[in-house]
Structures are given as structure tokens and as C-alpha cells.
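Trainee: Would you mind keeping the following structure in view while I ask a few things?
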There are 2 protein chains.
Amino acid sequence: MLSKAQIKYIRSLTQQKYRKEHNVFIAEGDKIAREWLSGSQRLQYIIGLPDWLEENKALIAGHNEAAVIAAEESELTNISTLQTAHKALLVVEMAEHAVTPYASGWSIALDRIQDPGNMGTIIRIADWFGISQILLSPDCVDVYNPKVVQAAMGGHLRVRFCEVDLYTFVKTTSVPVLAATLSGNSIYDISILEEAVLLIGNESKGLDPVLTELASHKVTIPGKGGAESLNAAVSAGIICSHLMPR
Amino acid sequence: MLSKAQIKYIRSLTQQKYRKEHNVFIAEGDKIAREWLSGSQRLQYIIGLPDWLEENKALIAGHNEAAVIAAEESELTNISTLQTAHKALLVVEMAEHAVTPYASGWSIALDRIQDPGNMGTIIRIADWFGISQILLSPDCVDVYNPKVVQAAMGGHLRVRFCEVDLYTFVKTTSVPVLAATLSGNSIYDISILEEAVLLIGNESKGLDPVLTELASHKVTIPGKGGAESLNAAVSAGIICSHLMPR
């Protein structure tokens, strides 16, 4: 059973300021919880239905640092950040954001991505294609927002985040920089790149024109239909699938 | 100004049963509203801030059938289905779902897609690549759900929907059927197809194994990372970008 203080604490973590203050975030749901239990990141709370805790006791045994709490469905509903509560909820200690970006391989760089679903889906795309670094402009949605964690499906465990001034980074990096735009060269006409930074812009405003100008390649996904643009995460996935080494 | 009865009516349209009863749905936001104003679909209400109505009066003039109502910001917030209200909200008459599917070109067929964001993003993908038909299994999320309309960004105007028994359709169609799965042939090894039906499955359960078996091609997006799968909409976009005629 959860105490009132614990309920209050966990509910406070839907807000970024409390996540920052306590340096923790929430990972919710059977599949995602098991991903984190299998990882080495430190956990603060492991809260689950009694059956779920029993089923996963081997994984839980590896996390002595965490308080394990059996909860009823109504309690999980009470602390859930989702519309329908799941069988388990973890409070996970944040990994520090990296300070210095890698200067090799593939990265995705996000310019003011605001939608938590898009951010999470982009983390999942990076995790799928084996991209281990996401660069964030200072005004992106928090990667530890519960909806981001949900949509990323455990991607946080394998992708590192680095908040950077994108202008300085793009100007100084030795890696090719791809700007996803509506009027660049077709992805069908560009060769696979061994390393690159893929710049993806804000959902409604697109990529900052200054960043687009600084990029070494402007790339476009050709379309024959009536839509004005593609979703930011879908664009990132399509470009990675065409231009990354296979 | 909106009457109490109008507010009640519009708020009721967040629920599918009232949308079905009245055969209308909500399209919200400046950009989306202007898309519908430019189209020929019948509108029931055009509600907007006075400035917005003034700016768009040429487009609005084409819609004699609609009641035009100037509203204050607080009124728009009151009827909005979104977290932040926009400058305009339309009540649009539904187009009938098509009864008979096309049997040529490219289509996307959705098996139990539940997430409104995914559904809307897939409609937007179809609209981008010029796919004019989406086939829906009977238990997909309503394509007129406000979150779907929002994410589709006007795609409803150019994509037609057809609810079908996917099993019968897949068994009898003369067009190649592609099943997006985790263990098929690499999309990098398949030639472009002049026509096809792309089957995309439920977000957590994947595609029904019976449908997968019935498909003529099983296709996979190769990934080198740690993620178990890709988001349904992202998968659809990637497969279209590789296998559709360019």
C-alpha cells in the first residue's frame, strides 16, 4: 500500500520542476517497466499489482536500491499519468544529459520539438536504427515527460541526450549535417552516408532557416499528394531508412 | 456569440455516438479550418474570432450553407477539444464512407489501429504520398475523432475511407498485399510496386497472424538498434517511401 506522502510525491512528478528537483521520472506499463528492470539504471520505487510483482520477482531482485510496493488497481489508477492505468509504475533516477556531443556516427538533432508523442516516437526511431545520440535545442519538450517516456518504449535506456546550442554545433561539427526541409534534394537521389547529423524542426514552424542554411545537405521526401508536409517523427524515420548505412 | 444549446451540441461532438447521430464532426485550428473552407464539403458551423472571420471572409463566402458565428476566446476555449483552443472551429458534415474499395493503385489497410494520433498521422502519410484510399477493419478508432482530424491535417479532404472485412478483401483482391511484420523480407530487397495494399496492424498486438499469412508479401524494416518495434505510423511512412512508384 502507498502512503499519502508517496502518492503526493509520485503525482508531483508529472511536472517537470519536480522531476528536476528530485532527479527522477516515471516509467509506466508492464513492457516498459520490465525494460527498466532489466537495465542498470537506479530505481527509486517499483510499484505494481501483487501478481505483477510476483511474476517479475527475478528482475526485481536485481534492484536492491528500490522500494518495492504492492498496490491495488485503484492505487495505480490514482498515481497513473496515463488514461488507463497499467500493472506497474517505476520511479527511475535520471541519467545525466551528456555534456559533450559525440562527433561521429549518426545523430538526430531536434530544433524545438514540442509534442511529447513526436519526441517519444523519434527516440524510438533512433533506438530502432541504432542511433545512440539525440541532440536537443534548449526549448524542446522534456524527454522525461511521462508521455515521451511512454512513446519511446524504453528507448531512453539506449539513447543518450545532449542539450546543445544547435547553431554552434552545426557550425563546428566535422560530420555532414542534413536539414529535413520541403525544398531540398530528393532523398532518392542522395547516397548513403556513413555518418551524419539529421536536423528535424518544430512541428508547425519547421526548422529554423538559419540552421537550414548552415546545413551541408538539404533533403526532402518527395510526395505526390495534397498534404503540405509530413509529421516530424515520420520524416525522421523515412530519412534514416534511406540514408543510413544498411 | 454562441447560445447555450449550440455550446452543448458542439461539446457533445467529442463523443462518437453524437457524431454518428448528427453525421458531423469537428475540425479545429486556423490551418485545418482554411483547408475545409477551401474544399467543397458542406459545413454546418463556422465559428471563429472576429479577426479570423474577417481575414477569411473570401473563403467563408463560398459556404452559404453554414451558420457563421463570431466568438470570443473564452467561448472557443469552452468548446475546444484541444488543450489550447485555436482561432477557429468548424462543424463539418461527414462524407459517407465508401462502400466498395478500389481495386487498383496503392491503398493502406488498417487492422485495429487504436491510437487517434497514429490514425491521423497515417491519413497524413497517405495524403502526402498520394494514396487516396484507406481501408479500415471494423474496430479501428473513429476517423472523425477530433484528435484524428487534428493529426491528419486536412487529409480527410483527399483520402477516402472504406470499412471492410479485411480477411475477405485480402483473400479476393487482385492487387499485391504487403504485410508489415517483424520477420519478413527487407524493404531494401523488394522492388517498387505499381500497386499494392499495405497492411498495418494494431499498436501493441501487431497484425493479425491470419492476415499476415494471407498477404502476398511479408515486409520488414531492418533495424540495428535495441528497440523491439517501430511505431505503426512511422512504419507505414517508411514502407511507402521505399516501395511506391516515385
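The values are calculated or read from the model by the stated rules, or taken from the named source; none is laboratory data. Computed from a prediction, not measured in an experiment: that's the story for all the values here. Backbone-built Cβ (ideal geometry, glycine too); neighbour counts: all protein chains shown.
Trainee: With (1) crowded, with 20+ Cβ neighbours inside 10 Å; (2) β-branched (Val, Ile, Thr); (3) within 14 Å of another protein chain (Cβ to nearest Cβ) as the list, and B:VAL177 as the residue in question, which single condition is left unmet?
Mentor: Answer for B:VAL177: the failing condition is (3).
To keep it simple, each residue is scored yes or no on (1) under 22 Å from the mean Cα position of the chain (by Cα); (2) β-branched (Val, Ile, Thr); (3) not in a loop (DSSP other than H, G, I, E, B).
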{"site": "A:GLU213", "(1), (2), (3)": "no, no, yes"}
{"site": "A:VAL234", "(1), (2), (3)": "yes, yes, yes"}
{"site": "A:ILE238", "(1), (2), (3)": "yes, yes, yes"}
{"site": "A:ARG246", "(1), (2), (3)": "no, no, no"}
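Trainee: Do you know which residues across the range B:67-94 are at pLDDT 95 or above and either touching a Pro at 6+ places or on another chain (Cβ under 8 Å) or more than 27 Å from B:LYS57 (Cα to Cα) (or both)?
Mentor: B:ALA70
Trainee: Further, regarding this structure: Residue by residue through the range A:203-223, note down the ones that are at pLDDT 95 or above and within 14 Å of chain B (Cβ to nearest Cβ).
Mentor: Once the filter is applied, which keeps residues that are at pLDDT 95 or above and within 14 Å of chain B (Cβ to nearest Cβ), the range A:203-223 yields A:VAL219, A:THR220, A:ILE221, A:PRO222, A:GLY223.
Trainee: List the pairs whose first member sits in the range A:95-113 and is of a type in the set (Lys, Arg) and modelled with pLDDT of 95 or more, whose second member is crowded, with 18+ Cβ neighbours inside 10 Å and in a loop (DSSP other than H, G, I, E, B), and whose Cβ atoms are under 8 Å apart, counting only residues at least 6 apart or on separate chains?
Mentor: From the range A:95-113, the pairs are A:ARG112/A:SER137; A:ARG112/A:CYS140; A:ARG112/A:GLY201; A:ARG112/A:ASP208.
Trainee: Next question. Does A:VAL92 count as under 16 Å from A:ASP30 (Cβ atoms), crowded, with 19+ Cβ neighbours inside 10 Å and among the β-branched types (Val, Ile, Thr)?
Mentor: yes
Trainee: How many of the residues making up the range A:12-37 are assigned to a helix (DSSP H, G or I) and of a type outside the set (Gly, Ala, Ser)?
Mentor: 14
Trainee: A:TYR167 passes all but one of (1) outside any helix (DSSP H, G or I); (2) more than 14 Å from chain B (Cβ to nearest Cβ); which number fails?
Mentor: Going through (1) outside any helix (DSSP H, G or I); (2) more than 14 Å from chain B (Cβ to nearest Cβ) one by one, A:TYR167 breaks only (1).
Trainee: Determine whether the range A:8-30 contains at least one residue that is aliphatic (A, V, I, L, M), surrounded by fewer than 18 Cβ atoms within 10 Å (Cβ to Cβ) and in contact (Cβ under 8 Å) with a residue 12 or more places away in the chain.
Mentor: No - not one qualifying residue is present in the range A:8-30.
Trainee: While we're on this one: In this structure, is A:GLU194 of a type in the set (Asp, Glu), outside any loop (DSSP other than H, G, I, E, B) and either more than 18 Å from A:ASN118 (Cα to Cα) or within 11 Å of chain B (Cβ to nearest Cβ) (or both)?
Mentor: no
Trainee: Related question: If the Cβ limit is 7 Å and pairs must be 6+ apart or interchain, which residue in the range A:189-215 that is surrounded by 12 or more Cβ atoms within 10 Å (Cβ to Cβ) pairs with which residue that is among the charged types (D, E, K, R) and in a strand (DSSP E or B)?
Mentor: A:THR212/A:LYS218
Trainee: Go through the range A:219-233 and count every residue that is surrounded by 18 or more Cβ atoms within 10 Å (Cβ to Cβ), of a type outside the set (Gly, Ala, Ser) and touching a residue at least 12 places away in the same chain (Cβ under 8 Å).
Mentor: 4
Trainee: Please determine whether any residue of the range B:19-31 is farther than 30 Å from B:GLU163 by Cβ and not small (Gly, Ala, Ser).
Mentor: yes
Trainee: What's the total number of residues in the range A:215-232 that are over 22 Å from the mean Cα position of the chain (by Cα) and outside any loop (DSSP other than H, G, I, E, B)?
Mentor: Qualifying residue count for the region: 4.
Trainee: Tally time: how many residues in the range A:52-80 are surrounded by fewer than 18 Cβ atoms within 10 Å (Cβ to Cβ) and among the polar types (S, T, N, Q)?
Mentor: 4
Trainee: Identify all residues within the range A:38-65 that are of a type in the set (Gly, Ala, Ser), without any contact (Cβ under 8 Å) to a residue 24 or more places away in the chain and not in a helix (DSSP H, G or I); write none if there are none.
Mentor: A:SER40 - this is the single residue of the range A:38-65 that is of a type in the set (Gly, Ala, Ser), without any contact (Cβ under 8 Å) to a residue 24 or more places away in the chain and not in a helix (DSSP H, G or I).
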